[in-house]
Amino acid sequence: MGVLKERLDEKNYNKLIRIKNSYLHKFIAKYIELCNPTKVFVSDGSKEAIEYIRRAAIKNGEETPLAIEGHTVHFDGYYDQARDRENTKFLVSKDTDLGPSLRTIDREKGLKEIHEILKDIMKGHELYICFYSLGPANSIFSIPCVQLTDSSYVAHSENILYRQGYEEFIRRGETNYFFKFVHSEGELDERKTSKNIDKRRVYIDLEEDTVYSANTQYGGNTIGLKKLAMRPAINHAAKEGWLTEHMLIMGIHGPKNRVTYITGAFPSMCGKTSTAMLEGETIVGDDIAYIREINGEARAVNVEKGVFGIIKGINSKDDPIQWKVLHSPNEIIFSNVLVDEAGNVYWQGMDREIPDKGYNHSGKWWKGKKDKEGREIPCSHPNARFTVALDAFENLDPNLDNPEGVRVDAIVYGGRDSDTWVPVQEAFDWIHGIITKGASLESERTAAVLGKEGEREFNPMSNLDFLSIPIGKYVQINLEFGKKLKKKPKIFAVNYFIKNKETGEYLTEKTDKKIWYKWIDLRVNNEAEAIETPTGYIPTYEDLKKLFKEVLDKEYSKEDYIKQFMIRVPENLAKIERIKKIYNERVKDTPPVLFKILDEERKRLLDAREKYGEYISPYNFE
Ligand code: SPV
Ligand code: MN
């Protein structure tokens, strides 16, 4: 208390001690002493506090106002544009083994290193102490969080993305069950971007539910409640029998005003947000879901209340809802886009002419500008983003804040897959779905993480980057979760990226995904037939033709259907071999049923090949 009294002014001190929680006070005092900020601000979640942080971001130069009211732009450093897997590690004690796919560091060693990095790191900076709730407040799902950050941009982003939790902390009083995030952007350069990238670290302490992040600003490394919180949440979920998933939640609007809620897991930049934003449907969330069994049903909530969305490719034709929001006077933080002198914003893939010069994540930018590595710098970074609250969207689902969540009737898995999976298929049952769709998910790497793009990566449930438990255990927990449910969601796999084998062209259009979801709604409600193939149930041509006509007013040809839904036996077999190899070699605790289910699928594929050859028209299975 002495430290708090000494380092906080009276107003901020009083805000803090309204929360009667000595464990919280000790924690805050410890990091004020260590990080040594020049000033401390405590947010009580009030309008004034939120406005204070918004203004601070502009005053500090971390954000700059744009032409449209409420819009600002923020830049991350040129080499700080994505999640840093290499330097994101779990602090583990000697007796903990998370398996070879999760990055770890000895707990004592890691704590020492990060505390040395954090020492005096906030000198000259203001520290913002903010309280939030993951999930709707006052619900079985909610987890309170405290964020310490010296970045006004991070605090501002969190005020847009998360529900305020100050009152919740007051209500709960003495407790040590809450997540803690300590972030510092570190020393800044003249562009107000983190300077000491070599000392960029994200260290996760599961024993204390604490995540440390330093010398970075990119949201995926810094916004505590986003990806940092997923790690302790997965850990708690595993112990308590619920799920923390990298999933969208949306309502599919079917016949007779029916709404079918689904969740969908996609790796970053594989169409998750654009799926959640489909016109005619409603969005509950676009990134992270908590799923619990309640009275025999799977119920899901959105952990967030805003979107940190990818802006690349958003255009007025394919994404009318997002386009409208991005051009209206809402509170939006654009990051790593191109800005012209008048404060207009541009990005790759928009249907507007891009100016030849402006300002972007590389500083002053002109067409043809190259970076140190000799690579041409695009007008905006492929991982450029926008941050906006969900209530800006006309397609917001009314259940966003429902403390009971929504009932999940279908779970969808999808990745960036150019050659194997059909556009949509339904698993035979829960176990088949979890194993051959979720646990076998692969995706070609994108710009959302640092590293070479395009390589095929194993990414179970699209959650690998965030897993804090061994992979086998995570698969097992998913299998068991289904057992508890009286009504199990159906499991589907989608693929928006399948290409023509010969020409390499995409076989489906961006807007076609709408049809796959309408079909999913029909299947969930027992209103559509399906064709059984070796890998799952696929739609009939007649049903799709009807849906394409009704929903998109498009003539859907048999040729397209056959090309899209052709079962590619060699690619599917190769995939099974790859997945088995990974589980055999890298996942010590693989549930044995995984190999059994994959072998059965392999057998079905071999039998089909025997009868119909390597590339099989869906009509062969009718
Ligand atoms: C993702 O990459 O999955 C995102 C953005 O949703 S990040 O915050 O970087 O994780
Ligand atoms: Mn994500």
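The values are calculated or read from the model by the stated rules, or taken from the named source; none is laboratory data. On a predicted model such as this, the values are computed, not experimentally measured, just so you know. Neighbour counts run over all protein chains shown; Cβ positions are idealised from the backbone, glycine included. Keep in mind that these areas ignore ligands, DNA and RNA; they rest on the heavy atoms of the full protein, side chains included. Shrake-Rupley method; radii C 1.70, N 1.55, O 1.52, S 1.80 Å.
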Determine whether residue 201 is within 16 Å of ligand 2 (Cβ to nearest atom), more than 30 Å from residue 513 (Cα to Cα), touching a helix residue (DSSP H, G or I) at 6+ places or on another chain (Cβ under 7 Å) and open to solvent by 10 Å² or more (accessible area, probe 1.4 Å). no
Expected output for the stretch 593-622 (first residue open to solvent by less than 80 Å² (accessible area, probe 1.4 Å), partner of a type in the set (Asp, Glu), Cβ below 9 Å, 6+ apart or cross-chain) is 621/532
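List the helices (runs of 4 or more DSSP H) inside the stretch 151-232, counting only whole elements, that have at least 3 residues being modelled with pLDDT of 95 or more and under 20 Å from the mean Cα position of the chain (by Cα).
Details: elements: 152-161, 166-172, 219-222.
Here the list reads 152-161, 219-222.
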Quick check: is even one residue across the stretch 338-345 surrounded by 24 or more Cβ atoms within 10 Å (Cβ to Cβ) and either closer than 30 Å to residue 423 by Cβ or within 16 Å of ligand 1 (Cβ to nearest atom) (or both)? no
Return yes when residue 256 is more than 16 Å from ligand 1 (Cβ to nearest atom) and either farther than 22 Å from residue 123 by Cβ or in a helix (DSSP H, G or I) (or both) and no when it is not. yes
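Which residues, taken from the stretch 143-178, are among the hydroxyl-bearing types (Ser, Thr, Tyr) and either open to solvent by 10 Å² or more (accessible area, probe 1.4 Å) or free of Cβ contacts under 8 Å to residues at least 40 places away in the same chain (or both)?
The initial filter retains those residues of the stretch 143-178 that are among the hydroxyl-bearing types (Ser, Thr, Tyr), namely 149, 151-153, 157, 162, 166, 175, 177.
Within the stretch 143-178, 175, 177 qualify.
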I need a count of the residues in the stretch 407-416 that are away from ligand 2 (no atom under 16 Å from the Cβ) and either closer than 23 Å to residue 321 by Cα or open to solvent by 20 Å² or more (accessible area, probe 1.4 Å) (or both). 1
Kindly indicate the residue of the stretch 383-399 that is out of contact with any Asp or Glu (no Cβ under 8 Å at 6 or more places or on another chain) and either among the aromatic types (Phe, Trp, Tyr) or assigned to a loop (DSSP other than H, G, I, E, B) (or both) and also surrounded by the most Cβ atoms within 10 Å (Cβ to Cβ) among those meeting that condition. 384
Scan the stretch 338-355 and tell me whether some residue there is at pLDDT 95 or above, assigned to a strand (DSSP E or B) and among the small types (Gly, Ala, Ser). no
Say we look at the stretch 262-284 and pick out the residues that are of a type outside the set (Gly, Ala, Ser) and open to solvent by 30 Å² or more (accessible area, probe 1.4 Å); which of these is nearest to residue 512 (Cα to Cα)? 279
